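S.K.: Provided herewith is a single structure, encoded as structure tokens, for subsequent inquiry.
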Amino acid sequence: MRALDSNQERWRANTWVLSPALIDAGCIAGIILLTLTTLLWNYQALPLQYWDESRNANNALEMMLGSGWLVPAYDGQIDHWNTKPPLLIWLMAGLMKLGFTPLLAVRLPSAIAVCLTLILVWAAVRYGLRDRFAAIVAVVLLFSSKVYTGIHGAHTGDYDTLLALFTTGYILSVWQALITQHAQKNCWILCAVICLVLAVMTKGPAGVFGVIGLCLFLVMTGQWPGIVKDWRWWLAGVVAVSVCMSYYITRESYDPGYLNAVWINEITGRYSETSEEHYYGSWFYLSTLFKQFEPGALFLLLIGVSLSGSDIARKRLIQVTFFSGAGIVILLSTAKTQLYWYLIPVIPLLSIAAAIAVVDTIQKFRLQRIAIGMFCILFLALPLSISVYKTAISLPAKAQQKARISQYGMLFDELRRKGNIQGSITVIDDGIDNTAGLVNYNPELKFYARLEQQKGSAIRIEKLADATAINGLLASCDYKNTKALRGMLNQMLIDHHVCVAGYKD
């Protein structure tokens with residue numbers, strides 16, 4: 001018997017009092033505890049991000065305050081810069097409506113999406129292959145990925161972790177539909193349709209990138225004739241397209257020009273043109289995987305071991321996840337606008353493929369118990385511990401120390417504690433440096449100023465050039481202005497490296 005099998009038997013012998021169902025429940029509980037405590041216990045320490053989290057936060061806040069649930073708005077105007085469908089904004093606005101603190105409402109959908117994705121990845125391997133060890137490895141690889149857990153990912157209120165949940169959902173549903181028959185097959189096809197529609201409603205055209213990856217999988221494995229000949233897949237495609245198009249047509253009827261904005265912003269403006277100088281070469285995404293998906297990217301080099309094995313179920317799962325992920329990476333690499341977080345929907349798929357590959361390699365070479373223990377420490381426990389530390393502690397702490405990250409939420413909270421928030425406050429801010437030509441743009445400030453205005457505070461925003469003629473309580477978290485503002489204030493209330501506030505006579 002192979003070494004890993006014998007180790008598993010000895011482990012089972014020592015834990016005979018625990019039923020498999022109880023062990024699985026413990027794994028799921030551990031995933032939930034790991035995810036929510038890491039992402040949420042200190043969530044407020046990470047300032048609201050300029051790009052793109054604060055823009056989403058403003059859309060959600062205005063929606064909650066009554067701008068309308070179909071057409072997101074920014075600064076009281078229809079938003080044609082953020083042209084994505086509003087599923088994420090609906091979730092944020094709904095949580096605000098339920099009374100969640102605004103920043104928690106912005107970030108909770110991402111945290112829940114991460115938790116559900118981890119459970120989905122674990123369940124696919126645990127129950128699809130009946131391999132608990134590989135399931136745990138897949139979860140660890142996913143949560144250890146810096147690109148997945150960082151800014152624009154699990155830690156902030158952005159689109160991509162929610163997109164990753166639904167993309168992973170419909171790809172795994174297709175995999176299940178291909179290996180099951182009759183009524184179960186129909187159920188999995190329905191699940192694929194639902195997840196595909198939700199993916200499109202999350203991030204528009206990016207929601208169908210996984211379909212392109214699935215096409216690569218079907219071609220590479222020769223399964224496409226079975227799909228083409230089965231009327232159920234054609235019906236599923238028609239239903240998915242019809243539901244998605246109904247949203248876009250309805251939105252266009254209420255918001256003329258929306259479809260043109262989508263075409264310019266999300267298709268031609270991102271794929272065929274470089275947006276804001278974000279182009280880094282054809283190998284950008286591949287190099288990012290090896291830098292920010294460690295050690296999973298290295299384990300992917302071992303997939304030949306799994307593909308040469310005799311277990312059809314393992315081969316099919318590694319094929320659908322690897323080829324689907326590779327298809328998305330190839331598509332992204334041909335685009336003229338490249339951002340590292342576009343890789344996030346790929347990471348759950350590649351985590352499954354990498355986990356199966358490394359476990360199959362361990363089994364093939366019959367590693368002894370001490371070698372398996374060293375593997376678990378070096379390649380699982382250590383990367384996971386580093387990821388938890390960076391996500392929960394290091395990342396927020398470093399963000400607070402960056403002079404170019406404004407922290408108006410913390411500034412207003414401190415003024416409230418000092419009892420100086422109820423009067424008139426003039427915020428001196430000239431906007432964020434950007435390559436998009438946006439003047440005086442600071443959505444983070446706009447979000448928190450709007451919240452304080454809803455609480456009764458009188459807040460106005462002015463440029464530094466106008467500050468000399470203004471008296472009263474002045475404040476700023478604009479790193480370009482804080483030095484000059486310090487010299488104007490007669491009584492200092494708050495003074496640290498990011499923000500200043502005080503009275504000027």
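The values are calculated or read from the model by the stated rules, or taken from the named source; none is laboratory data. Only a predicted model underlies this, so the values are computations on that prediction, with no experimental measurement involved. A quick note on method: Cβ atoms are made from the backbone with ideal geometry, for glycine too, and the neighbour counts reach across all protein chains shown.
S.K.: Consider ALA135 carefully, then state whether it is touching a residue at least 12 places away in the same chain (Cβ under 8 Å), farther than 30 Å from LEU395 by Cα and hydrophobic (A, V, I, L, M, F, W, C).
M.R.: Details: touching a residue at least 12 places away in the same chain (Cβ under 8 Å): yes; farther than 30 Å from LEU395 by Cα: no; hydrophobic (A, V, I, L, M, F, W, C): yes.
Against the criterion (touching a residue at least 12 places away in the same chain (Cβ under 8 Å), farther than 30 Å from LEU395 by Cα and hydrophobic (A, V, I, L, M, F, W, C)), ALA135 does not qualify.
S.K.: Looking at segment 36-53, which of the residues that are assigned to a helix (DSSP H, G or I) and loosely packed, with under 15 Cβ neighbours inside 10 Å is farthest from the chain's Cα centre (by Cα)? Let's see the steps before the verdict.
M.R.: Just the residues of segment 36-53 that are assigned to a helix (DSSP H, G or I), to begin with: 36-40, 43-45, 53.
Now restrict to residues that are loosely packed, with under 15 Cβ neighbours inside 10 Å: 37, 45.
On the way: THR37: 17, ALA45: 18 Å.
So the residue we want is ALA45.
S.K.: Just for segment 431-463: of the residues that are touching a strand residue (DSSP E or B) at 6+ places or on another chain (Cβ under 9 Å) and either assigned by TED's automatic domain parsing to the domain that holds LEU103 or part of a loop (DSSP other than H, G, I, E, B) (or both), which one is surrounded by the most Cβ atoms within 10 Å (Cβ to Cβ)?
M.R.: Taking the candidates together, the pick is ASN442.
S.K.: Do we have ASP466 as among the charged types (D, E, K, R), in contact with a strand residue (DSSP E or B) (Cβ under 9 Å, 6 or more places away or on another chain), surrounded by fewer than 13 Cβ atoms within 10 Å (Cβ to Cβ) and not assigned by TED's automatic domain parsing to the domain that holds TYR50 here? Don't jump to the end; show me each part of the working.
M.R.: Details: among the charged types (D, E, K, R): yes; in contact with a strand residue (DSSP E or B) (Cβ under 9 Å, 6 or more places away or on another chain): yes; surrounded by fewer than 13 Cβ atoms within 10 Å (Cβ to Cβ): yes; not assigned by TED's automatic domain parsing to the domain that holds TYR50: yes.
Answer is yes for this residue.
S.K.: Moving on to the next point. Being of a type in the set (Val, Ile, Thr) and closer than 22 Å to THR167 by Cβ is the filter here, so list the residues in segment 279-333 that pass it.
M.R.: THR288, ILE303, ILE318, VAL320, THR321, ILE328, VAL329, ILE330
S.K.: Could you grab me the full set of residues in segment 211-248 that are exposed (fewer than 14 other Cβ atoms within 10 Å of the Cβ) and more than 27 Å from the chain's Cα centre (by Cα)?
M.R.: VAL219, GLY222, PRO225, GLY226, VAL228, LYS229, TRP231, ARG232, TRP234, LEU235, VAL238
S.K.: Find the residue count for segment 55-83, including only residues that are within 16 Å of VAL106 (Cα to Cα) and of a type in the set (D, E, K, R).
M.R.: Adding up the residues that qualify gives 2.
S.K.: Return yes or no: is LEU33 free of Cβ contacts under 8 Å to residues at least 40 places away in the same chain and in a helix (DSSP H, G or I)? Even if it seems obvious, please write down each step before you answer.
M.R.: Values: free of Cβ contacts under 8 Å to residues at least 40 places away in the same chain: yes; in a helix (DSSP H, G or I): yes.
When the stated conditions are applied, LEU33 passes them.
S.K.: Only one of these is of a type in the set (Val, Ile, Thr) and under 30 Å from PRO383 (Cα atoms): VAL305, VAL208, VAL200, VAL239. Name it. Quick ask: steps written out before the conclusion?
M.R.: Values: VAL208 fails: under 30 Å from PRO383 (Cα atoms); VAL200 fails: under 30 Å from PRO383 (Cα atoms); VAL239 fails: under 30 Å from PRO383 (Cα atoms).
Selected residue: VAL305, the only one of VAL305, VAL208, VAL200, VAL239 that is of a type in the set (Val, Ile, Thr) and under 30 Å from PRO383 (Cα atoms).
S.K.: Further, regarding this structure: Is it true that some residue in segment 284-297 is of a type in the set (A, V, I, L, M, F, W, C) and either farther than 16 Å from TYR342 by Cα or modelled with pLDDT under 85 (or both)?
M.R.: Taking segment 284-297 first, the residues of a type in the set (A, V, I, L, M, F, W, C) are 284, 286, 289-290, 293, 297.
Filter again for either farther than 16 Å from TYR342 by Cα or modelled with pLDDT under 85 (or both), leaving 297.
Within segment 284-297, one or more residues are of a type in the set (A, V, I, L, M, F, W, C) and either farther than 16 Å from TYR342 by Cα or modelled with pLDDT under 85 (or both).
S.K.: Let me ask you something else. Just to be sure I understand the filter: pairs with C-beta atoms under 6 Å, separated by 6 or more residues or on different chains, first member in segment 262-279 and farther than 24 Å from MET201 by Cα and in contact (Cβ under 8 Å) with a residue 40 or more places away in the chain, second member of a type in the set (S, T, N, Q) and surrounded by fewer than 16 Cβ atoms within 10 Å (Cβ to Cβ). Which pairs pass?
M.R.: GLU276/THR435; GLU277/THR435
S.K.: Just name the residue that is farthest from LEU70 (Cα to Cα) out of those in segment 198-238 that are of a type in the set (S, T, N, Q) and in contact (Cβ under 8 Å) with a residue 60 or more places away in the chain.
M.R.: Pass one, segment 198-238, residues of a type in the set (S, T, N, Q): 202, 221, 223.
Narrowing further to those that are in contact (Cβ under 8 Å) with a residue 60 or more places away in the chain: 202, 221.
On the way: THR202: 14, THR221: 41 Å.
Step by step, filter segment 198-238, then rank; the result is THR221.
S.K.: Of all residues in segment 101-145 being charged (D, E, K, R) and assigned to a helix (DSSP H, G or I), which is surrounded by the fewest Cβ atoms within 10 Å (Cβ to Cβ)? Walk me through how you get there before you give the answer.
M.R.: Initially, segment 101-145 is screened for residues charged (D, E, K, R), giving 107, 126, 130-132.
Those still in the list that are assigned to a helix (DSSP H, G or I) too: 107, 126, 132.
On the way: ARG107: 26, ARG126: 23, ARG132: 17.
So, considering only residues that are charged (D, E, K, R) and assigned to a helix (DSSP H, G or I), the one surrounded by the fewest Cβ atoms within 10 Å (Cβ to Cβ) is ARG132.
S.K.: Go through (1) over 16 Å from MET96 (Cα atoms); (2) exposed (fewer than 15 other Cβ atoms within 10 Å of the Cβ); (3) modelled with pLDDT of 90 or more and name the single condition TRP69 misses.
M.R.: It fails just one condition, (1).
S.K.: Shifting gears a bit: Here is a check on your reading of the model: is THR321 among the polar types (S, T, N, Q), farther than 22 Å from CYS215 by Cβ and within 19 Å of the chain's Cα centre (by Cα)? Write out each step before concluding.
M.R.: Working: among the polar types (S, T, N, Q): yes; farther than 22 Å from CYS215 by Cβ: no; within 19 Å of the chain's Cα centre (by Cα): yes.
Spelling it out, it is not the case that THR321 is among the polar types (S, T, N, Q), farther than 22 Å from CYS215 by Cβ and within 19 Å of the chain's Cα centre (by Cα).
S.K.: Then there's this: Suppose we filter SER253, SER310 for residues that are free of Cβ contacts under 8 Å to residues at least 60 places away in the same chain and in a helix (DSSP H, G or I); which single one remains? It would help to see each step written out before you state the result.
M.R.: Working: SER310 fails: in a helix (DSSP H, G or I).
Only one candidate qualifies: SER253.
S.K.: Here is a check on your reading of the model: is ASN56 among the polar types (S, T, N, Q), touching a residue at least 60 places away in the same chain (Cβ under 8 Å) and surrounded by 19 or more Cβ atoms within 10 Å (Cβ to Cβ)? Explain how you work it out, then say what you get.
M.R.: Details: among the polar types (S, T, N, Q): yes; touching a residue at least 60 places away in the same chain (Cβ under 8 Å): yes; surrounded by 19 or more Cβ atoms within 10 Å (Cβ to Cβ): yes.
The answer is yes for ASN56.
S.K.: From the residues in segment 256-278 that are surrounded by 15 or more Cβ atoms within 10 Å (Cβ to Cβ) and not in a helix (DSSP H, G or I), which one is modelled with the highest pLDDT?
M.R.: HIS278
S.K.: I would also like to ask the following. Condition test on LEU384, is it aliphatic (A, V, I, L, M) and at pLDDT 90 or above?
M.R.: Working: aliphatic (A, V, I, L, M): yes; at pLDDT 90 or above: no.
No, not satisfied.
S.K.: Here's a follow-up. Go over the candidates ALA177, ALA206, ALA192, ALA199 one by one and state the one that is among the hydrophobic types (A, V, I, L, M, F, W, C), crowded, with 21+ Cβ neighbours inside 10 Å, assigned to a helix (DSSP H, G or I) and in contact with an Asp or Glu (Cβ under 8 Å, 6 or more places away or on another chain). Talk me through it step by step, then tell me what you get.
M.R.: Working: ALA177 fails: in contact with an Asp or Glu (Cβ under 8 Å, 6 or more places away or on another chain); ALA192 fails: in contact with an Asp or Glu (Cβ under 8 Å, 6 or more places away or on another chain); ALA199 fails: in contact with an Asp or Glu (Cβ under 8 Å, 6 or more places away or on another chain).
Every option except ALA206 fails the conditions.
S.K.: Cβ-Cβ under 8 Å, sequence separation 6+ or interchain: first residue in segment 9-28 and at pLDDT 75 or above, partner aromatic (Phe, Trp, Tyr). Which pairs?
M.R.: Filtered contacts from segment 9-28: CYS27/TRP122; ILE28/TRP122.
S.K.: Could you please give the count of residues in segment 477-505 that are within 16 Å of GLU462 (Cα to Cα), part of a loop (DSSP other than H, G, I, E, B), free of Cβ contacts under 8 Å to residues at least 60 places away in the same chain and not basic (Lys, Arg)?
M.R.: 2
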